[in-house]
1. For the stretch B:26-78, what's the radius of gyration and Dmax over Cα atoms, in angstrom?
2. What share of Cα pairs, in percent, lie more than 16 angstrom apart in the stretch A:59-115?
3. Which of the aspartates and glutamates could a cross-linker span from B:LYS8 if the Cα-Cα distance has to be under 14 Å and same-chain partners fewer than 8 positions apart are dropped?
4. By what distance, in whole Å, do the Cα atoms of the stretch A:119-195 stretch along each of the three principal axes, largest value first?
5. Please give the contour-minus-distance gain from A:ARG135 to A:ASP209: 0.36 nm per residue of separation, less the Cα-Cα distance, rounded to one decimal in nm.
6. Once the convex hull of the alpha carbons of chain B is built, what does its volume come to per residue, in cubic angstrom?
7. Provide the net charge surrounding A:GLY43, with neighbours chosen by a C-beta distance below 12 Å and charges set as Lys +1, Arg +1, Asp -1, Glu -1.
8. Which percent, to the nearest 5, of DSSP beta bridges fully inside the stretch A:74-168 are antiparallel?
Amino acid sequence: MEAGLLLLREFLRKHPAEAAQELERIPTDEAAAVLADAPPDEGAPVLAAMGAMAAAEALDLMEVPSAVALVCRLEARVAAMLLRRVTLPSRQNILFVCPDLWKTGISASLAVGPESVGAVMDGRAAVFPADWKVRELLAFMAARPARLAIDVFVEDREHGLVGRLDLRALDPLAASRELRGVMAPDPPRLPLRASIRAVRDDVLWRRFDTIPVIDESGLFAGALPHRALRMAAQREASGDARSPGGAFVEFAELAWTGYVAAVDVASSLTRNLGPTREEGADGQKDQSQDAG
Amino acid sequence: MARKIKAKTLARLIVRYLDDFGDEAAEAVAESQPDDGAELLGLLPPDHSWTLLRSLPVGDARAWLEHSDEETLRRLVLDAKPDAPPDQDLPALTRQAIALLTA
C-alpha cells in the first residue's frame with residue numbers, strides 16, 4: 001500500500017481540515033489508527049480540526065505515546081479542551097508521560113476550583129461540528145447509547161460554541177440538513193471559572209435544564225446540568241463538604257484537581273533538585289497541619 | 001501494539017482526496033513504482049482508478065495496468081465497458097484496459 005499511504009500522508013499534510021472531516025465520520029478506532037500512524041507534526045493539525053467528541057474518543061483509543069506525541073503539538077488551549085474530554089485515565093497518562101505540557105500553562109487551564117462551574121459541569125457533553133448533518137449526529141449518538149443526550153451543542157471548526165439543539169424538538173424531516181441550519185444560534189453560556197453560587201440563581205435556568213460552559217478562550221468546555229446545581233445546594237445546606245454521597249464535586253474532577261495539585265508540587269520539587277528533601281518535608285508538614 | 005490502517009479506511013480517505021484534489025493527488029503518486037500503482041488501483045473504486053490513471057502520463061498509467069492483477073483489471077474494464085465479456089484472461093484484460101485508457 002505504499003502509493004496509498006503516500007496519498008494518505010499528502011492528504012493529511014496538505015489538507016488537515018478536509019482530512020479531519022473524513023476521519024470524524026469513520027469508526028473512531030480507525031481514525032485513531034490513522035492519526036497514530038501519521039507523523040505527529042502532520043497528525044496534530046488534523047486532530048485539532050476534528051470535532052471535539054471524535055477527537056477525544058480517538059485519543060482515548062490510542063496508545064499513550066501516540067496520544068502524547070499529538071497532544072504535545074497542539075495549541076495549549078486546544079490541548080486543554082481535548083484533555084477535559086478524554087477519560088480520566090487517558091488524561092492522567094498523557095500528562096504523566098508528557099511533562100513538557102506543563103510548561104505550556106496547561107495545568108492552569110485544566111485546574112478548576114471546587115466551587116466553580118468547571119468542577120460540577122459535564123466535561124463530556126455532546127458537541128458536534130456545525131457542518132455535520134442531522135442524520136450524521138443521530139448515527140453517531142446511536143452508536144454510543146451510553147452517551148445519548150437530549151441537549152446537544154454545536155461547535156465551529158475552531159471549537160467555539162455556536163449553537164444548541166434539543167433533540168426532542170428536532171424535525172424528523174431535517175435529517176439531511178446541516179446542524180447550523182437547525183440549531184438555536186449563539187446560545188447563552190457560562191464561564192468555566194464562574195462560581196457556582198454566582199450562577200445558581202441565574203434566570204437562564206427558567207429556560208434551560210442544561211447550559212453550555214466555555215473556557216477563557218471561548219472554546220466549548222462542557223455543559224452544566226441544573227441537577228448538578230441542585231445537588232450542590234443540598235450539599236451546602238447539609239454542610240457536608242466531603243461526603244461522597246453528596247457528590248458536590250464530580251469524583252473524576254475532584255481526583256483531577258488533586259492530581260493537578262500533586263503534579264504541580266512534583267514539578268516544583270524537580271525544578272530544584274537541591275532543596276527537594278526540604279520541600280518534601282514541608283509538604284508533609286503542611287498536610288499534617290491541614291489534617292490537624 | 002499499534003493498529004494497522006484498514007484497506008477500506010485508506011480507500012475512503014484517498015477517495016476523498018481524489019474527489020477534492022485530484023490533480024494534486026495524481027502528481028503525488030506520479031513517481032510511484034508500477035507495482036505500487038497497481039496495488040493502489042486494486043484498493044480504489046474503479047471510477048476513481050480511471051480518474052487517477054487518466055491524470056497520469058500515459059506511459060506510467062500503462063505500466064500500472066500491466067502490473068495489475070486479473071481482478072482489478074476485470075473491475076476496471078467492466079466499469080468502463082459494462083458489456084465487455086466477463087471471462088477474459090489476464091492478457092486480454094490488460095490489452096482491453098490499455099485500449100480503454102487510450103481511447
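The numbers here are math on the coordinates, done by the rules we state, and not lab data. This structure is a prediction, so every number in the text was calculated from the model and none was measured. Cβ atoms come from the backbone with ideal geometry, glycine included; neighbour counts cover every protein chain shown.
1. Looking at the stretch B:26-78, its Cα Rg and Dmax stand at 9.6, 27 Å.
2. Working: 522 of 1596 pairs.
In whole percent, the share of Cα-Cα pairs in the stretch A:59-115 beyond 16 Å is 33.
3. Qualifying aspartates and glutamates at Cα under 14 Å: A:GLU22, A:ASP29, A:GLU30, B:GLU39.
4. 41, 27, 22
5. Details: separation 74, 0.36 × 74 = 26.64 nm, distance 2.42 nm.
Extending this stretch completely gives an extra 24.2 nm.
6. On the way: hull volume 11.5 nm³, N = 103.
It is 111 Å³ per residue.
7. On the way: positive: A:ARG9, A:ARG13, A:ARG73; negative: A:ASP37, A:ASP41, A:GLU42.
Residues close to A:GLY43 contribute a combined charge of 0.
8. Numbers: 5 of 8 bridges.
Just about 60 percent of them are antiparallel.
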